[in-house]
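Since the structure comes first, as structure tokens, the remarks are kept for the end.
Nothing in this text is a laboratory measurement; each read-out follows from the coordinates by a stated rule. All figures in this text were calculated on a predicted structure; none of them were measured in a lab. Reconstructed Cβ throughout: ideal geometry from the backbone, glycine too, with neighbour counts over all protein chains shown.
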Amino acid sequence: MKILRKTLLALSLSVGAVACQGGQMTEEETLVGEASAALTVAEESGDVTADAVGGETATELTASGDESAVLPQAPDGDGVCDLGARKARVLARYDANGDGRLGPVERDALRDDLQARVGHPVALRFGLIHRAHVIKRLQWVFDTNLDGSLSADERTAMVDALEARCERLRAQVIERFDANADGSLDATEKQAAKDALVARIQAFRQQVLTQYDANTNGVLDDGERQQLRSDRIAAFQARRAAVVAQFDVNDDGTLDDAEKRALKQAITQRIIEGRDAE
């Protein structure tokens, strides 16, 4: 295991590891791409970013636990990974004057929402609720120079990785739901894929209710939600400890910059390979 971890450390994550298909992206393209990538990950019922908890501070971890202590809602997505469709949703939400592009003021509005803190009530106003911590973890993964923000090149790397992820996940969905075997999904088959996604979310929602809804009224009251919050924070703490133990090559109990980059690279590889999706 130590050998593996040293190998990961030796392979520092290059921002250009996944080639951008269209050359240099404009500011609008990188911002819309970042938001679309965030939508793609946040609308999954799984969590490919979960190991990024290894880079969270105690305060960030607590905020993530508090935000995730809610009953999951039916997703806006259709169960088919399509970054292009999500880009269209982002553009429609922020293109206030309807000219088909984002001007400076519209780009600022999108940038502000992407930078909003976890739990902020207007974070990603185009439909995401209670998943800002997933988005922040995704941004952390692609912040390869560790400066706390995403450069244009880092956004491009994120978009490219999510494009690769979507290709793999879309192929899996087509293989499962393409009933007429024509290599694509018609409206009926897309609805079946969405129904399957909604069913997974509903099953998880029921699982949470079964465990925490003590008075069986179908919602979580303040005390029940507080117990869920405490358990989520404890689960995040346990996962962070496990991640740190895995990537802490020098055994000092924390992740230095090289170790953080190794963790980021491992998460990026899982994203590209389409792992941790449900």
If packing is taken as the mean number of other Cβ atoms within 10 Å per residue, what is the order of 216-223, 185-192, 151-158, highest first?
151-158, 185-192, 216-223
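Eigenvalues of the Cα gyration tensor times 5, then square-rooted: what semi-axes does that give for segment 213-269, in whole angstrom, largest first?
For segment 213-269, the ellipsoid semi-axes come out as 36, 12, 7 Å.
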Vicinal HN-Hα couplings computed from phi for segment 201-212 (Karplus, 6.51 cos²θ - 1.76 cosθ + 1.60; Hz; Gly/Pro x)
5, 5, 5, 5, 4, 5, 4, 5, 4, 4, 7, 10
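Most exposed first by the Cβ proxy, i.e. fewest other Cβ within 10 Å, how do 71, 138, 162 rank? Mind showing how you got there, number by number?
Working: 71 18, 138 25, 162 28.
In increasing order of surrounding Cβ atoms, one gets 71, 138, 162.
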Computed from the beta carbon distance with a Förster radius of 25 Å, FRET efficiency for residue 199 and residue 237 to the nearest 0.05 stands at 0.25
